[in-house]
Amino acid sequence: MTILWTILIGFVVGIVAKFLMPGRDPAGFIITVLIGIAGSFIATYLGRALGWYQVGESAGFIAAVVGSIILLVIYRLVARKT
């Protein structure tokens, strides 16, 4: 159930992160949502490693947004160079 909740949060976070990032986005909707899901997973596991979350808890909304924005910035840098 935790994984499903993380995916659901990541879906919403991907959409929110796309609206928060200014400028032209080389990624489409699906790529952005996948980056949001990945950001949510990264925030969850990084939070567990740092002791912010217990096993069975997913990352909070703000932590997932921050993780997704970081991944979107990295994706834009990589997509711009290719």
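Each reported figure results from applying straightforward, stated rules to the coordinates on display, with no laboratory input. Given the structure is predicted, the values throughout are model-derived calculations rather than measurements. Virtual Cβ from ideal backbone geometry, glycine too; neighbours counted across all protein chains shown.
A compact table of results
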| quantity | calculated |
| --- | --- |
| Sorted by Cβ neighbour density within 10 Å, fewest at the top, the residues Lys81, Lys18 | Lys81, Lys18 |
| Tyr53 long-range amide H proximity, modeled H, under 5 Å | Arg48 |
| J(HN,Hα) series, segment 65-76, from Karplus relation 6.51 cos²θ - 1.76 cosθ + 1.60, nearest Hz, glycine and proline x | 5, 4, x, 5, 5, 4, 5, 5, 5, 4, 4, 5 |
| Label-point separation in nm, Arg76 to Phe61, each point 7 Å along Cα→Cβ | 2.3 nm |
